[in-house]
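Undergrad: Handing you a structure now.
Just so it is clear, none of the values below were taken in a lab; they were calculated from the coordinates. The structure presented is a predicted model; accordingly, all values stated were derived computationally and were not measured. Cβ sites come from the backbone with ideal geometry, for glycine too, and all protein chains shown count toward neighbours.
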Amino acid sequence: MTASTDAFPEGGATSPRAGGDADRERLRRWRMVLGGPAEDACGRLSGGDAAMDGALAALYDGDGDGTGGSSRRSAGLGGSAPRVARWLGDIRQYFPSTVVQVMQADAIERLNLTRLLLEPEMLAAVEPDVHLVGTLLSLNRVMPDQTKEAARQVVRRVVEELERRIAQQTRAAVTGALNRATRINRPRHADIDWDRTIRANLKHYQQEHRTVIPERLVGYGRRTTAVQRDVVLCVDQSGSMAASVVYSGVFAAVLASMRSLRTSLVVFDTAVVDLTDQLSDPVEVLFGTQLGGGTDINRAIGYSQQLITRPRDSIFVLISDLYEGGVREQMLRRVAEMTAAGVQVVVLLALSDEGAPAYDRANAAALAALGVPAFACTPDAFPDLMAAAIERRDLVAFAERFADR
């Protein structure tokens with residue numbers, strides 16, 4: 001663990017070498033970072049500092065088998081569910097939530113705690129986040145019935161937080177893009193966009209009447225509940241795409257709640273599953289996924305093509321790292337067919353906050369040659385991306401701007 005000394009609150013450490021408060025605090029922080037081997041140089045911890053140090057030692061001391069291999073410490077998590085549950089409670093007491101989430105993820109990986117997550121009391125102790133949801137979804141097939149309800153509660157807490165974060169921005173961006181895409185120059189009175197009409201006719205301002213005489217009206221198309229765009233989200237559910245699957249499921253549910261869009265959600269590995277009928281409940285959507293397995297992008301695109309009945313009013317979003325286990329040439333041919341028919345095709349290598357993903361560069365380059373850029377996108381930027389796709393803006397330019405951020 002690469003720890004920042006800012007993660008540790010002020011406390012106490014005793015050292016004969018410490019000459020003042022500032023020196024003592026500096027030695028204390030170095031002792032917390034370096035662990036037991038630094039005790040002779042930095043001093044012994046006491047009180048809350050010692051307890052915090054024990055929580056760190058249980059995870060990061062030793063060889064990662066959960067036994068705590070340091071000769072100076074007896075801490076360790078082992079395979080004991082009660083001990084792990086207490087440890088999870090301790091780290092939530094000692095560290096901010098962002099640090100807790102990192103330590104939980106490290107514990108799952110280093111100490112092989114996946115099995116313990118199948119126990120309800122463990123799920124009650126963890127700090128929910130997107131990565132934990134991904135882990136739970138990967139365990140869905142082996143999760144006992146008595147654990148599933150606790151797991152659903154954890155997933156629901158994360159989903160509700162994500163919806164609060166993204167729903168308003170997504171609806172505003174999409175609605176604005178649809179309005180701009182349907183502007184007409186002969187609107188009915190109720191549909192006039194007065195702000196744009198005045199701006200477009202400022203040159204016709206009449207001084208004597210102190211008003212603008214518009215020669216051209218700018219407005220929106222007739223307000224209607226008719227579907228204006230079809231959106232197909234096609235999501236790779238291989239193990240490396242866990243965070244993207246979580247965000248995609250939540251975004252799909254938000255888009256499906258908008259009457260102006262007809263939204264479909266397709267997830268795939270070597271098989272294809274259509275989860276569109278579950279979009280009213282994003283938790284059910286996520287539990288309908290099966291993280292792990294191989295990848296057949298070609299088959300998924302082939303299924304998605306059947307859902308597209310209005311090519312020029314359709315947006316196809318493929319979210320995948322592009323490691324194709326199916327027929328590569330046919331996959332590229334299908335993408336070319338869709339773009340030629342007028343479908344706005346978007347390829348995202350990841351939809352997450354995890355930074356630059358690993359992906360198949362040869363396939364990404366082949367798609368770019370077809371005029372379809374492949375790039376990673378954060379959840380905060382996804383609403384603007386959808387707006388750009390609805391307005392049929394240059395997605396190559398969008399990808400370049402996003403890469404420069």
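Undergrad: Give the order of V142, V346 when sorted by the count of other beta carbons within 10 angstrom, beginning with the fewest.
TA: Working: V142 10, V346 25.
Fewest-to-most Cβ neighbours within 10 Å comes out as V142, V346.
Undergrad: Turning to a different aspect of this structure: Can you sort I315, I166 by how many other beta carbons sit within 10 Å, fewest first? Mind dumping the intermediate values first?
TA: Details: I315 22, I166 18.
In increasing order of surrounding Cβ atoms, one gets I166, I315.
Undergrad: Could you tell me the calculated FRET efficiency between D281 and Q306, based on Cβ-Cβ distance and R0 = 22 angstrom, to the nearest 0.05? Present the calculation step by step, with values, prior to reporting the outcome.
TA: Details: r = 25 Å, r/R0 = 1.12.
It comes out at approximately 0.35.
Undergrad: Further question: Rounded, prolate or oblate: which fits the stretch 229-403 when a ≥ b ≥ c are the square roots of the eigenvalues of the alpha-carbon gyration tensor, with rounded for a/c under 1.5 and prolate only if a/b beats b/c? Let's see the in-between values first.
TA: Numbers: a/c = 1.19, a/b = 1.06, b/c = 1.12.
Because its axes are fairly even, with a/c under 1.5, the stretch 229-403 counts as rounded.
Undergrad: Right, here's the next one. I need the shape label for the stretch 236-306. Rule: rounded when a/c is under 1.5, else prolate if a/b > b/c, else oblate, with a, b, c from the alpha carbon gyration tensor. Mind showing how you got there, number by number?
TA: Numbers: a/c = 2.21, a/b = 1.35, b/c = 1.64.
Oblate shape, in that a/c is at least 1.5 and b/c is the bigger or equal ratio.
Undergrad: Taking other Cβ within 10 Å of each residue's Cβ, how do V174, V396 sort, fewest first? Please report the intermediate quantities before stating the final value.
TA: On the way: V174 23, V396 13.
Starting with the residue having the fewest Cβ neighbours, the order is V396, V174.
Undergrad: Taking the Cα centre of the stretch 229-403 as origin, work out the dipole magnitude from +1 charges on Lys and Arg Cβ and -1 charges on Asp and Glu Cβ, in debye rounded to 20.
TA: Values: 13 positive and 21 negative charges, 120 e Å.
In debye, rounded to 20, the stretch 229-403 gives about 580.
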